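Attaching a single structure in structure tokens format; questions to follow.
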Amino acid sequence: MWSNLVNNAMQSMDYQGKLAIATLQLEQHVVVQIADTGQGISQDVQDRIFEPFFTTKAMGEGTGLGLSIVKNIIDKHHGRIEVESQPGHTVFRVWLPLDLASFLTKTGLTHLSMEQGA
């Protein structure tokens with residue numbers, strides 16, 4: 001998920017410019033911000049970027065599934081994603097809840113297990 005957001009930012013800047021990643025805690029969430037100095041995303045495109053198969057890339061360069069998958073992952077973790085953009089400055093903000101008890105209640109789980117694979 002993170003690599004998709006970073007790769008999109010790098011492509012938006014044509015692999016030049018500045019990419020900034022920041023994390024912070026706001027309220028009961030961890031917030032990850034990924035900002036770039038790329039070309040920006042117009043409002044009409046912003047309205048569609050999380051739709052499956054929507055892409056602004058040339059034929060054969062993208063499937064249009066990246067941001068749809070990102071949003072689905074965030075939704076499954078009871079988070080949210082926001083975007084704000086203008087030419088030269090785009091920020092994606094991912095909000096993920098820190099309240100484990102609430103997460104367990106919402107998902108119907110009783111505990112989390114962090115087992116390591118062989």
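Since every read-out is calculated from the coordinates, none of them should be taken as a lab result. The structure displayed is predicted, hence computed values, not measured ones. Note that each Cβ is placed from the backbone with ideal geometry, even for glycine, and that neighbours are counted across all protein chains shown.
Which Cα, out of ILE81, THR107, SER42, lies furthest along the positive dipole direction of region 1-114 (beta carbon charges, K/R +1, D/E -1)?
Farthest towards the positive end: THR107.
What number, in nm² with one decimal, is the all-direction average of the projected area of the convex hull of the alpha-carbon atoms of region 45-108? Intermediate results must be reported in sequence, preceding the final value.
Values: hull surface 22.0 nm².
Average projection, Cα convex hull of region 45-108: 5.5 nm².
Now a separate question. If you keep only loop residues by DSSP, which chymotrypsin sites (Phe, Trp or Tyr not before Pro) in region 1-108 have at most 13 other Cβ atoms within 10 Å of their Cβ?
Working: sites: TRP2, TYR15, PHE50, PHE53, PHE54, PHE92, TRP95, PHE103; in loops: TYR15, PHE50, PHE53, PHE54.
For chymotrypsin sites (Phe, Trp or Tyr not before Pro) across region 1-108 that sit outside H, G, I, E and B with at most 13 neighbouring Cβ atoms in 10 Å, the list reads TYR15, PHE53.
Find how much the distance from THR56 to SER42 grows on full extension, using 0.36 nm per residue of separation minus their present alpha carbon separation; answer in nm with one decimal. Present the calculation step by step, with values, prior to reporting the outcome.
Values: separation 14, 0.36 × 14 = 5.04 nm, distance 1.10 nm.
Length gained, THR56 through SER42: 3.9 nm.
Ignoring solvent entirely, what values of log10 I(q)/I(0) come out of the Debye formula for the chain at 0.17 Å⁻¹ when each Cα is a single scatterer?
Taken in order of the listed q values, log10 I(q)/I(0) reads -0.91.
A further question on this structure: Under a Cβ-only charge scheme (Lys and Arg +1, Asp and Glu -1), can you give me the dipole magnitude of the chain about the Cα centre, in debye to the nearest 20? Mind showing how you got there, number by number?
Details: 8 positive and 12 negative charges, 26 e Å.
Roughly 120 debye, rounded to the nearest 20.
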